[in-house]
Amino acid sequence: MQVIIKKTRLSLIQGDITRQETDAIVNAANSSLMGGGGVDGAIHRAGGPAILEECKKIVKKRGRLPTGKAVMTTGGNLSAAHVIHTVGPIWRGGTSGEADLLASAYQESLALAVAAGLATVSFPSISTGAYGYPVDAAAEVALRTVIRFLEKDTTLEEVVFVLFDHRTCEIYIEELERLLPSGEQG
Ligand code: ADP
């Protein structure tokens, strides 16, 4: 599914984010930036050791990455030149600021991409794997945050959500259809 928000294409696809050719891909990292399971492990495996090298330097310099923040490294061997590492919230029932922290993870990642002059960026479904955020609630926050950002900032050419499994992809599509005013789909 693709829609245009102001000047930016917003695409939802099912796939593997490590194979995306956008300028940057976003990693659903943890605060240690030392790699992990899920999409984090897949990105480090596909991108090679150069990514972890830079992550170690970042942590040495500024400590662990707080939830909701983002940093950028090389993409190493990936097609994407850059990886933006962000930390989504662990789901604790929904009353521990999870939605604001998840929105921040998307917002900070987009802001980094814009600051670096990038044109295209791909996101996974942050926090909905090991971190347990319910997919429908996460999709609403993710899409609302990206749409709001793109309504204000029009320098990005494309934002892609790369959803790993069919169910997650379906939920994101349903949520985007619900959020868009009719007539905006193209
Ligand atoms: P978190 O710890 O933020 O929950 P996970 O990596 O456990 O992160 O899961 C986040 C989402 O990323 C899940 O929907 C998971 O299925 C998905 N995922 C796992 N591997 C990939 C991949 N290679 N490309 C895109 N998404 C992936």
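So here's what we get for this one:
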quantity: Per-residue ³J(HN,Hα) for segment 61-77, Karplus 6.51 cos²θ - 1.76 cosθ + 1.60, θ = phi - 60°, Hz, x for Gly and Pro; calculated: 6, 10, x, 5, 7, x, 4, x, 9, 9, 9, 10, 10, 4, x, x, 7
quantity: Net charge dipole size for segment 2-179 [Lys, Arg +1 and Asp, Glu -1 on Cβ; Debye, nearest 20]; calculated: 700
quantity: Solvent-accessible area per residue for segment 29-130 (1.4 angstrom probe, square angstrom); calculated: 44
quantity: Mean ellipticity per residue at 222 nm, deg cm²/dmol - from DSSP H runs of n ≥ 4 across the chain, formula -39500 (n - 2.57); calculated: -13000 deg cm²/dmol
quantity: I147 accessible area, assembled protein chains, probe 1.4 Å, Å²; calculated: 20
quantity: Segment 4-157: relative contact order as a whole-number percent, Cα under 8 Å and 6+ apart; calculated: 29
quantity: Charge sum, other residues only, whose C-beta stays under 14 Å from A81's C-beta, Lys/Arg counted +1 and Asp/Glu -1; calculated: -3
quantity: Order of exposure, largest accessible area first, which applies to R64, R144 with probe 1.4 Å; calculated: R64, R144
quantity: Selected from G93, G37, G75 as most flexible by GNM, with the chain as the system and alpha-carbon contacts under 10 Å; calculated: G93
quantity: Max mean-square fluctuation residue, GNM over the chain, Cα-Cα springs under 10 Å, options T145, T67, T154; calculated: T154
quantity: The chain: C-alpha pair distances exceeding 28 Å, %; calculated: 17
quantity: Under 21 Å between alpha carbons - lysine pairs in the chain that sit 8 or more apart or on different chains; calculated: 7
quantity: Most fluctuating residue given options A138, A119, A130, as computed from a GNM of the chain linking Cα atoms under 10 Å; calculated: A130
quantity: Computed lengthening from A130 to N77, 0.36 nm per intervening residue step minus Cα-Cα distance; calculated: 16.5 nm
quantity: Potential extension, R144-H166 segment - 0.36 nm per residue separation minus Cα distance; calculated: 5.8 nm
quantity: Selection from T145, A28, G76 lying farthest towards where the dipole of the chain points positive, charges on Cβ; calculated: G76
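The values are calculated or read from the model by the stated rules, or taken from the named source; none is laboratory data. No experiment lies behind these values; they were computed from the predicted model shown. Every residue, glycine as well, gets a Cβ built from its backbone with ideal geometry; the counts of neighbours run over all protein chains shown. What goes into the accessible areas is simple: the full protein's heavy atoms, side chains included, and nothing from ligands, DNA or RNA. Shrake-Rupley method; radii C 1.70, N 1.55, O 1.52, S 1.80 Å.
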